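Q: Questions regarding the structure given below will be posed in turn.
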Number of protein chains: 2
Amino acid sequence: MSRTTLRDIAEKVGVSVTAVSRALSGYPDISEETRNRIFRTAEELNYQPNIAARTLVTQKSGVLGLFVLGREKGEGFSHPFSGQVINGFLDGLVEEEYDMMVFKANRPPDSGSLSYIDLCKRRMVEGAFLMGLRTDDPWIADLKESTIPIVTIDMPLAGEMTFSVGCDNVSAVHAAVRHLAELGHTRIAIVNGYKQASVSRERFEGFKSALDDLGLPFDPSLVAEADFTVAGGKQAFLSMIDRVSDMTAVFAASDLMALGVLEGARERGLNVPKDLSVVGFDNIEMARMSSPPLTTLDQPRYELGQTAAKILISACNGETPPSRVLLKANLIVRGSTAEQSKGKPAKGVVRQAH
Amino acid sequence: MSRTTLRDIAEKVGVSVTAVSRALSGYPDISEETRNRIFRTAEELNYQPNIAARTLVTQKSGVLGLFVLGREKGEGFSHPFSGQVINGFLDGLVEEEYDMMVFKANRPPDSGSLSYIDLCKRRMVEGAFLMGLRTDDPWIADLKESTIPIVTIDMPLAGEMTFSVGCDNVSAVHAAVRHLAELGHTRIAIVNGYKQASVSRERFEGFKSALDDLGLPFDPSLVAEADFTVAGGKQAFLSMIDRVSDMTAVFAASDLMALGVLEGARERGLNVPKDLSVVGFDNIEMARMSSPPLTTLDQPRYELGQTAAKILISACNGETPPSRVLLKANLIVRGSTAEQSKGKPAKGVVRQAH
DNA sequence: TCTATTAGGTTTAACGTTTAAGTAATTTCA
DNA sequence: TGAAATTACTTAAACGTTAAACCTAATAGA
């Protein structure tokens, strides 16, 4: 009734356990004939190796860990960004001898709960994949000293065994701002994400350098900060538009925040894109379906995940992959951006709405 | 340099390995004093048990498997439904001694690739969680004869060790149709999902029985079928509205399809909800943000996942949980449904659009 | 013909844990 | 006071693999 083991096969074929092990592992020192008999009975008894036993002796588990960060219960996997990245990561594991284990991140560091490193140790996890933007996670500091490779999305950790993949945020935002400038906009605002995310710094840098390159002045009152969510984006936009009403375009550092800007604009009676152009970042599914559909920067999420898998596996195998890989985010122009209407200052429109 | 083991602790404290094991496991036959010394040195050496070794001897891995079905690469984790369910499932594992391993489903059943059962066997997976609607997955048939418990979302399998959680689709759709009827609609169409999904059968049953109960006639030409996607929903709606133009309301069996209906309606010049009321199913994030925001049936995704975890764990522990659990899906009324405008037949509007 | 090599295995040990079966010293209680 | 029970351990075995070391018979090379 219990599972078949190497021993069962060995007894049935009439050889030693080692012979069976070596035959199944493809070592050449087993004769053609015995090998065949071994394979046949293995098939017959539907043998599946016990990976726990193998792990114990080889000290390699074939397990990669996935940690999904985020502060709220709901945030982790349900973020519109995560799914495709994970799909890509998993597909990057196909053909490889690795499986993926998901760990509950976000657990408070109270007594009793384990650090990410400790969780990995127990299961002999060979490498970890970290998603989520919070650089202030209490367990993250440890990771820099990890002895197993760790790859993150959008969160460079500067450790010996840490790697990161992400998009070239600077040049992506640069393209977005250039797009707006080419449409005639000069008063361009930014709704950025929170500072704890390294992408926020990069996107801001892209924003400023683009203004510089395009010869546009930088106005600090056109900078707002939010938490990457719809509600946050809306709030940030509203308090900004109420202070300075002559802006004609907004770059939001995430599509969710851009959708919030859209909501806010509607509330203030501003027509997008006639009165206000809006550009997002991410190209989540929703971006296609908003009205107007969102002009945004497409993050190649699937490829990000796939690249992460490749890097992690290569690092697990003792190779030394690049510590940072940047993919290109492409501008997708949709309906939320348009030429700035020359004669009519947006100011007037806003007043009208009040 | 290598990891600390029970042996290291035993040597340092001066007792046997067994004593250390029993002390750490909380057995009462170790004296208070030795126990304390053991705990202290365990802490000191930062001991983490080797779960592979434990698994080998106890024959319990503490691993639950997650299989995400779907036909396309992109479908699995990125479906707007999956994220919250997985979050709920993971949170259902907190406080339990289980971890979750994700397996690549969707692999072709060619020679060389393993069945779900075999994948579980190798890793000594104790129970599996299956998501995704395809009852025609080539490996699913095997699952009915599984000896480890399997819990599915929305896919009853009728096996000895299979369990399923889902929503009470029949009564949910019933509520949706009643809502439309109360708004004065009598020509109500349904855009259902594909037949391979058991939810499609149930939702259709709810649809028909509601018409019955409300004294409305059932018209087969008001029934269309699609693949749960936006594009599919739009296509199905368009070909239906072009055949029979006097419908005033549509129930779509998923929000994605409902969004497709919205697109289709816009294309035909129909105003939602003035000319056409639309109800979806799922309450995905996008549903709040479409214009108009979608009236829909809220599936408690997080709770579905949590319930699945509870059932699976209880089955793993030898208990006998109910083989089917149905949660309630609540109607969320938003802007996509309205009173049917009496005098003006929708027909006229459609003509006008052409 | 004798030694060295090779082919095709076998034996033994090890991985780190748990559990069953002892055992020696102390305590209980009749 | 002496047998029985209890306390606080230890020893030995097992889980299912892999890997290193060893063995034997046949073959090759000189």
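Q: Filter the range A:32-43 for residues that are away from chain B (no Cβ under 14 Å) and within 12 Å of DNA strand D (Cβ to nearest atom) and give the result.
A: A:ILE38, the sole residue that qualifies.
Q: Filter the range B:223-263 for residues that are within 14 Å of chain A (Cβ to nearest Cβ), of a type in the set (Asp, Glu) and under 25 Å from the mean Cα position of the chain (by Cα) and give the result.
A: B:ASP255
Q: Out of (1) modelled with pLDDT of 95 or more; (2) closer than 30 Å to B:ASP136 by Cα, the odd one out for B:SER78 is which?
A: (1)
Q: Here is a further query. Quick check: is even one residue across the range A:200-221 of a type in the set (Phe, Trp, Tyr), surrounded by fewer than 23 Cβ atoms within 10 Å (Cβ to Cβ) and over 26 Å from the mean Cα position of the chain (by Cα)?
A: Checked the range A:200-221: at least one residue is of a type in the set (Phe, Trp, Tyr), surrounded by fewer than 23 Cβ atoms within 10 Å (Cβ to Cβ) and over 26 Å from the mean Cα position of the chain (by Cα).
Q: For the range A:44-55, name all the residues that are at negative phi and either within 14 Å of chain B (Cβ to nearest Cβ) or in contact with a Cys (Cβ under 8 Å, 6 or more places away or on another chain) (or both). Show your work before the answer.
A: Just the residues of the range A:44-55 that are at negative phi, to begin with: A:44-45, A:47-55.
Once the filter is applied, which keeps residues that are at negative phi and either within 14 Å of chain B (Cβ to nearest Cβ) or in contact with a Cys (Cβ under 8 Å, 6 or more places away or on another chain) (or both), the range A:44-55 yields A:LEU45, A:TYR47, A:GLN48, A:PRO49, A:ASN50, A:ILE51, A:ALA52, A:ALA53, A:ARG54, A:THR55.
Q: Quick test for you: out of B:GLU96, B:GLU11, pick the one residue that is away from DNA strand C (no atom under 11 Å from the Cβ) and at pLDDT 95 or above.
A: Details: B:GLU96 fails: at pLDDT 95 or above.
Exactly one residue qualifies, and that residue is B:GLU11.
Q: Condition (residue is crowded, with 21+ Cβ neighbours inside 10 Å, closer than 30 Å to A:GLU96 by Cβ and either among the polar types (S, T, N, Q) or touching a residue at least 60 places away in the same chain (Cβ under 8 Å) (or both)) applied to the range A:286-303: is it met by at least one residue?
A: Yes, the range A:286-303 contains at least one residue that is crowded, with 21+ Cβ neighbours inside 10 Å, closer than 30 Å to A:GLU96 by Cβ and either among the polar types (S, T, N, Q) or touching a residue at least 60 places away in the same chain (Cβ under 8 Å) (or both).
Q: Restricting to the range A:268-300, and then to whatever is of a type in the set (A, V, I, L, M) and assigned to a strand (DSSP E or B), can you tell me which residue is nearest to the other protein chains (Cβ to nearest Cβ)?
A: By that ranking, first place goes to A:VAL278.
Q: For the range B:44-60, name all the residues that are within 13 Å of DNA strand D (Cβ to nearest atom), touching a residue at least 24 places away in the same chain (Cβ under 8 Å) and farther than 15 Å from A:LEU119 by Cβ.
A: B:THR55, B:GLN59, B:LYS60
Q: Within the range B:22-31, how many residues turn out to be under 24 Å from A:SER115 (Cβ atoms) and either within 13 Å of DNA strand D (Cβ to nearest atom) or of a type in the set (S, T, N, Q) (or both)?
A: Step one: filter the range B:22-31 for residues under 24 Å from A:SER115 (Cβ atoms), giving B:23-26.
With the extra rule that they be either within 13 Å of DNA strand D (Cβ to nearest atom) or of a type in the set (S, T, N, Q) (or both), the set shrinks to B:23-25.
The number of residues fulfilling the criteria is 3.
Q: Right, another one. Please state which of the following conditions A:ALA19 fails to meet, knowing it meets all the rest: (1) within 13 Å of DNA strand D (Cβ to nearest atom); (2) touching a residue at least 12 places away in the same chain (Cβ under 8 Å); (3) closer than 30 Å to A:ALA308 by Cβ.
A: Evaluating A:ALA19 over (1) within 13 Å of DNA strand D (Cβ to nearest atom); (2) touching a residue at least 12 places away in the same chain (Cβ under 8 Å); (3) closer than 30 Å to A:ALA308 by Cβ leaves (3) as the failure.
Q: When the residues of the range B:112-157 are narrowed to those that are closer than 25 Å to B:PHE228 by Cα, β-branched (Val, Ile, Thr) and out of contact with any helix residue (DSSP H, G or I) (no Cβ under 7 Å at 6 or more places or on another chain), which ends up modelled with the lowest pLDDT?
A: Per the criteria, the residue is B:ILE140.
Q: Can you name the residue in the range A:1-28 that is surrounded by 14 or more Cβ atoms within 10 Å (Cβ to Cβ) and of a type in the set (Gly, Ala, Ser) and, of all such residues, is farthest from the other protein chains (Cβ to nearest Cβ)?
A: By that ranking, first place goes to A:ALA19.
Q: Another question about this same structure. Is it the case that some residue within the range A:29-45 is surrounded by fewer than 20 Cβ atoms within 10 Å (Cβ to Cβ), within 12 Å of DNA strand C (Cβ to nearest atom), modelled with pLDDT under 95 and over 21 Å from B:ARG122 (Cβ atoms)?
A: The answer is yes, given that some residue of the range A:29-45 is surrounded by fewer than 20 Cβ atoms within 10 Å (Cβ to Cβ), within 12 Å of DNA strand C (Cβ to nearest atom), modelled with pLDDT under 95 and over 21 Å from B:ARG122 (Cβ atoms).
Q: Can you name every one of the helices (runs of 4 or more DSSP H) wholly within the range B:94-209 that holds 1 or more residues which are under 18 Å from B:ARG301 (Cα atoms)?
A: Counting at least 1 such residues, we get B:169-182.
Q: (1) more than 9 Å from chain B (Cβ to nearest Cβ); (2) closer than 22 Å to B:ALA52 by Cα; (3) surrounded by 17 or more Cβ atoms within 10 Å (Cβ to Cβ): which one isn't true of A:THR58, the others all being true?
A: Here A:THR58 meets the rest and fails (3).
Q: Among all residue pairs at least 6 apart or on different chains, which show Cβ distances below 7 Å where the first residue, located in the range B:26-40, is under 20 Å from B:THR4 (Cα atoms) and the second is near DNA strand D (Cβ under 7 Å from one of its atoms) and part of a helix (DSSP H, G or I)?
A: Between residues of the range B:26-40 that are under 20 Å from B:THR4 (Cα atoms) and residues that are near DNA strand D (Cβ under 7 Å from one of its atoms) and part of a helix (DSSP H, G or I), the close pairs are B:THR34/B:ALA19.
The values are calculated or read from the model by the stated rules, or taken from the named source; none is laboratory data. This is a predicted model, so every value here is computed, not measured. No Cβ is skipped: glycine too gets one built from the backbone with ideal geometry, and neighbour counts run over all protein chains shown.
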